[in-house]
Amino acid sequence: MEYEEPTPIERTEAEVELASGDSDRISVALLRLTLHDDDPKWLEATLLPYLQHEQAWVRGVAAMCLGYVARLHGTLDLDVVIPAIRELLDDETRETRGKAEDALDDIEIFMLRKA
């Protein structure tokens, strides 16, 4: 698999990708939205449900993206986001737990230490 730089995506195109049921398409759409959409509240609302997705890969990507929102925008509803990400620390896959740990680290570094 060759790395491709995530390009911007319109929300309408993202909706199609997110509704596809394909974990790869969903994950790429979440990442593209996170890196290019300027509305952190909308991103948070969009990403949170994917922390409970049936596919572990998607759960991990959603957590990672929330960490990126903290990094890029410096704002999240921590009372909602932190407990939701912490639930993934008990996830059955190590990779998902690792992404959750990374997201919590990003939140710590880019939001909590700045406070």
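The values are calculated or read from the model by the stated rules, or taken from the named source; none is laboratory data. Quick caveat, the model's predicted, so the values are computed rather than measured. Cβ: placed from backbone, ideal geometry, glycine included. Neighbour counts: every protein chain shown. When the accessible area is computed, the model is the full protein with side chains, heavy atoms only, and any ligands, DNA or RNA have been set aside. Shrake-Rupley method; radii C 1.70, N 1.55, O 1.52, S 1.80 Å.
A few points about this structure:
- Inter-label distance, nm, simple model (7 Å from Cα along the C-beta direction), TRP42/ASP77: 1.7 nm
- For the range 45-93, the solvent-accessible area with a 1.4 angstrom probe is 49 square angstrom per residue.
- Using the empirical formula 2.2 N^0.38 Å as the baseline, the Cα radius of gyration of the chain reaches a ratio of 0.99.
- In this label model, GLU5 and ARG94 are separated by 3.4 nm, measuring between points 7 Å along each Cα→Cβ vector.
- Heavy-atom surface analysis with a 1.4 Å probe gives the chain a carbon and sulfur content of 48 percent of its accessible area.
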